[in-house]
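The values are calculated or read from the model by the stated rules, or taken from the named source; none is laboratory data. Not measured: the values here are computed from a predicted model. Ideal geometry is used to build each Cβ from the backbone, glycine not excepted, and the neighbour counts take in all protein chains shown.
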Amino acid sequence: MHFKISPFQMVRSLLFFLALSLVANIKAQYHNHVWYLGFDYDPIVQFGLVSNNPTVSNGHVIPFTDESNAVATDPTTGQVLFFTNSAQVWDMSNTPMPNGAIAGATTSASSAQLASNEANCNQIYIFYNDANRAANTVGTLQYALVDITLPGNGSVAFPQGDIPPGQKDIPLYNNCSEAIEIAKGPNSNRYWLYALSYDGDSLLCYSVDQTGVNYVQGNQLPVNLTAAFSIRHSSASNKLAI
């Protein structure tokens, strides 16, 4: 038995399968999507563990956020791994990690910069400081290391991550401004951490690679920027803007 398919039916079928394909590919928020963290994390942002789609309540008008926030996601699936405001780290179920209290200031403008641990793909660095310009306090540049394979608030079978003992509030520089930036190096196995001294006349540089976090050098700036708030890196021009 043979059936004839008209051109109209063929086009309609192709459109139907294309629509199914598009729906099937909408699975998660990816690393370049925008995530809002509210000043009060609950119930401003809630993550669904099934669809991984955030639901945002009307508790505050967006964007009403702490300055020092970051969200870590799986680069392939987009699954949320954890998020932080530089004072606390929450896991994917929106629950504070058992060892997730860290010593950053939520008002530090560029705090909470993330970088993968190139020696362990299950670990992610958080770089932060406790500088508070409003209170005129000098900050300490420091870091913590989150291991997403630790049980945390989950189980061994379904780990939700935690900070290993002794792997938080590790100081790097004790006279730091609020400006911090992580840049991916041309070598895929290295990140660069940039920061500014609090007096604003020295650019600090650290290498983040398989050997850990290592101080590289300090570059004297031609001008004094006093207390800088932000550094931005251009991968296209390989330059920094302060």
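When the residues of region 227-242 are narrowed to those that are out of contact with any Ser or Thr (no Cβ under 8 Å at 6 or more places or on another chain) and among the polar types (S, T, N, Q), which ends up surrounded by the fewest Cβ atoms within 10 Å (Cβ to Cβ)? Out of the qualifying residues, it is Ser237.
Condition first: more than 16 Å from the chain's Cα centre (by Cα) and surrounded by fewer than 18 Cβ atoms within 10 Å (Cβ to Cβ). Can you find one or more residues in region 80-92 that meet it? Steps first, answer last, please.
First pass over region 80-92, keeping only residues more than 16 Å from the chain's Cα centre (by Cα): none.
No, region 80-92 has no match at all.
Do we find that Pro165 is surrounded by fewer than 15 Cβ atoms within 10 Å (Cβ to Cβ), over 16 Å from Thr84 (Cα atoms) and not hydrophobic (A, V, I, L, M, F, W, C) in this structure? Here the answer is yes, as Pro165 does meet what is asked.
The number of residues in region 77-123 being of a type in the set (Asp, Glu) and outside any loop (DSSP other than H, G, I, E, B) comes to 1. Restricted to strands (runs of 3 or more DSSP E) entirely inside region 124-199, those with at least 2 residues that are within 24 Å of Gln210 (Cα to Cα), among the aromatic types (Phe, Trp, Tyr) and in contact (Cβ under 8 Å) with a residue 40 or more places away in the chain are 191-197. Within region 126-144, the only residue that satisfies the criterion of being at pLDDT 95 or above and either under 13 Å from Leu81 (Cβ atoms) or exposed (fewer than 14 other Cβ atoms within 10 Å of the Cβ) (or both) is Ile126.
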